[in-house]
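A.B. asks: Below is the structure I would like to discuss, written out as structure tokens.
The values are calculated or read from the model by the stated rules, or taken from the named source; none is laboratory data. Everything quoted here is computed from the prediction, not taken from an experiment. As a convention, Cβ positions derive from the backbone with ideal geometry for all residues, glycine included, and neighbour counts pool all protein chains shown. For the accessible areas, the whole protein counts, side chains as well, though only heavy atoms, and no ligand, DNA or RNA atoms are used. Shrake-Rupley method; radii C 1.70, N 1.55, O 1.52, S 1.80 Å.
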Amino acid sequence: MWVLAGLLRAMSWIGIRTDVLILELAGKEPFELAQATNGYDFRFLTPADIEDLIGLEPGTERENLKILFRERKLCYGVWDNTRLVAKTWCDLDQLYHPARPRPLAADEVYLFQTYVDPNYRGQGLAPLMRAAVCASLREMGRSKIYSYSRYFNTAARRYKAKVGAQERSLTVHFRLFGKWSRSLTFQWCN
């Protein structure tokens, strides 16, 4: 599998780009949140938290964060005392897809750009945050919770599986020299 990932990366250098994405649907049964939260605070963020978002993920552009908030995107974060240590974005309007974005229904939401501080990785924080945001979104009436993972990102796929996410489809998106693109989607039910 790593050979194929390396080959796809090498092909992108000459203008042939291939993205292989897995669409996941959050499991119907919420992940058990009763496990120890170690004093973490889980909540939706506001534009007042932009500086904390920049501190969490170096290279994040302030203007991009302002745009996300203006576009009604929600950001869910995990705090360790006064420090933001993880976040994920929620889109209530559109399921992003490289070739075919589609509007979301009133009971759907799309999660994207999850990030955990490197000092907190490997401690089960990503699945705990995912479970907490899913519970909050379900309380808002958003029962169908989607996300994408790159096929070769086994860590992301593993943590989502840990909280019961079901892989629903595989999309291979080809772009040649920035001028031509095609997508192939293979769907299945779990």
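A.B. asks: Could you look through the stretch 140-166, keep only residues that are more than 21 Å from residue 91 (Cα to Cα) and in contact (Cβ under 8 Å) with a residue 12 or more places away in the chain, and pick out the one that is least open to solvent (accessible area, probe 1.4 Å)?
C.D. replies: Ranking the candidates gives 152 first.
A.B. asks: Continuing with this model, one more query. Check whether at least one residue in the stretch 149-160 is β-branched (Val, Ile, Thr), out of contact with any Pro (no Cβ under 6 Å at 6 or more places or on another chain) and part of a loop (DSSP other than H, G, I, E, B), and report yes or no.
C.D. replies: no
A.B. asks: Given 60, 171, which one is out of contact with any Cys (no Cβ under 9 Å at 6 or more places or on another chain), part of a loop (DSSP other than H, G, I, E, B) and either of a type in the set (S, T, N, Q) or crowded, with 18+ Cβ neighbours inside 10 Å (or both)? Before the answer, list the steps.
C.D. replies: Working: 171 fails: part of a loop (DSSP other than H, G, I, E, B).
Selected residue: 60, the only one of 60, 171 that is out of contact with any Cys (no Cβ under 9 Å at 6 or more places or on another chain), part of a loop (DSSP other than H, G, I, E, B) and either of a type in the set (S, T, N, Q) or crowded, with 18+ Cβ neighbours inside 10 Å (or both).
A.B. asks: Right, another one. If you check residue 130 against the conditions, is it among the basic types (Lys, Arg), touching a Lys or Arg at 6+ places or on another chain (Cβ under 8 Å) and open to solvent by less than 60 Å² (accessible area, probe 1.4 Å)? First the steps, then the outcome.
C.D. replies: Values: among the basic types (Lys, Arg): yes; touching a Lys or Arg at 6+ places or on another chain (Cβ under 8 Å): yes; open to solvent by less than 60 Å² (accessible area, probe 1.4 Å): yes.
In short, yes.
A.B. asks: Scanning for something open to solvent by 90 Å² or more (accessible area, probe 1.4 Å), in contact with a strand residue (DSSP E or B) (Cβ under 9 Å, 6 or more places away or on another chain) and among the basic types (Lys, Arg), does the stretch 84-93 turn up at least one residue?
C.D. replies: Here is the first cut: in the stretch 84-93, the residues open to solvent by 90 Å² or more (accessible area, probe 1.4 Å) are none.
No, that holds for no residue.
A.B. asks: With the checklist (1) open to solvent by 60 Å² or more (accessible area, probe 1.4 Å); (2) not in a loop (DSSP other than H, G, I, E, B) in hand, flag the one item residue 110 doesn't pass.
C.D. replies: So the condition that residue 110 fails would be (1).
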